[in-house]
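The structure appears below as structure tokens.
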Amino acid sequence: MSDGAGFVQFVNAIAEFAKGKEATAPSVPPVWQRELISARHPPRITCLHHEYKQVIDSNNDDANTTPIQKSFFFGPKEIRAIRNHLPPHASASTFEVLTACLWRCRTRALALDPNNTVRVSCLVNGRGLPGLIVPHGYYGNAIAYPAAVSKAGKVCSFPLEYAVELVKTAKPQMTAEYFRSVADLMVIKGRPLYTVAGNFIVVDVWRLGFETMDFGWGKPVYGGIAGAFPVISFYMNFKDGIVVPICLPEPVMERS
């Protein structure tokens, strides 16, 4: 019903009331105009959506193994260590470097067939996207997760810079037309599930404001998602770094 940004807005509104604000309405008026980003008439898929391609998982040796959760912390020291694996001229954001590293480590740990196609999907917020009207205060879902694709063998064996450059291609795919194409795809294909086999979805929530929520007791020590899902991990703010929960079958987690 809502995405991370909408949820944070809702919780902050509750926090305002909890702190006894004199106002009778939230400081950010809620907007729930879902029709603004509904499918077109008639719907038409105009972009390539790797994140929704339905494929058969041919590497299911660990499928019946109970998944376990572990969290990994990346502070300035850890990020610098990852950057040391890139050429001196390489330019990349913390998100791009971290995502490429995790995608590479995860693909290696899964021990996939080198010829299998793997994906990394980066969740992108459509708010503020040129050409897409999402009003201030919108509570609904305004996200999509375009993907970059590669052969598993290349992600595992090529230098880290290869994965970084692929991650860089994912987020720029998100245009107003791409977003509308996703909405139309949901109607045409009956709301398909995102690709599961060989996919890694990363959700960056460390800038949403979970760590600043205040119900009158002060700012939280930690704020964010409770854990990961087998295909989805979240980047969350913690102290001076980022904590990333990972959910994988136990044998895979041991290899990672």
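The values are calculated or read from the model by the stated rules, or taken from the named source; none is laboratory data. Model, not experiment: these values are computed from the prediction. Here the Cβ positions follow ideal geometry from the backbone for every residue, glycine too, while neighbour counts run over all protein chains shown. The area values use the complete protein model at the heavy-atom level, side chains included, leaving out ligands, DNA and RNA. Shrake-Rupley method; radii C 1.70, N 1.55, O 1.52, S 1.80 Å.
Taken over the stretch 208-256, the criterion of being farther than 15 Å from residue 68 by Cβ and charged (D, E, K, R) is satisfied by 211, 214, 219, 239, 240. Within the stretch 127-141, residues that are free of Cβ contacts under 8 Å to residues at least 40 places away in the same chain have Cβ atoms under 9 Å from residues that are open to solvent by less than 70 Å² (accessible area, probe 1.4 Å) in these pairs: 128/134, counting only partners at least 6 apart in sequence or on another chain. Taking the stretch 72-108 as the range and being surrounded by 13 or more Cβ atoms within 10 Å (Cβ to Cβ) and over 24 Å from residue 225 (Cα atoms) as the test, the residues that pass are 82, 83, 85, 86, 90, 92, 108. Cβ-Cβ distances below 6 Å connect the following pairs, each with a first residue in the stretch 202-225 that is in contact (Cβ under 8 Å) with a residue 24 or more places away in the chain and among the small types (Gly, Ala, Ser), a second residue that is open to solvent by 30 Å² or more (accessible area, probe 1.4 Å) and part of a loop (DSSP other than H, G, I, E, B), and a separation of six or more residues or different chains: 216/19.
Does residue 187 qualify as being of a type outside the set (Lys, Arg) and either open to solvent by 20 Å² or more (accessible area, probe 1.4 Å) or without any contact (Cβ under 8 Å) to a residue 12 or more places away in the chain (or both)? So residue 187 passes the test. Note on the stretch 199-224: among residues that are open to solvent by less than 50 Å² (accessible area, probe 1.4 Å) and within 13 Å of the chain's Cα centre (by Cα), the one that is farthest from residue 155 (Cα to Cα) is 205. Which of the residues belonging to the stretch 20-31 are modelled with pLDDT of 85 or more and not polar (S, T, N, Q)? Correct list: 26, 28, 29, 30, 31. Taking the conditions exactly as written (surrounded by fewer than 18 Cβ atoms within 10 Å (Cβ to Cβ) and among the aromatic types (Phe, Trp, Tyr)), does residue 162 satisfy them or not? Yes; evaluated as a whole, the condition is true for this residue.
Tallying residues that are more than 24 Å from residue 218 (Cβ to Cβ) and touching a His at 6+ places or on another chain (Cβ under 8 Å) within the stretch 1-31 yields 1. Within the stretch 124-141, the set of residues being crowded, with 22+ Cβ neighbours inside 10 Å and either outside any strand (DSSP E or B) or in contact with a Leu (Cβ under 7 Å, 6 or more places away or on another chain) (or both) comprises 126 only.
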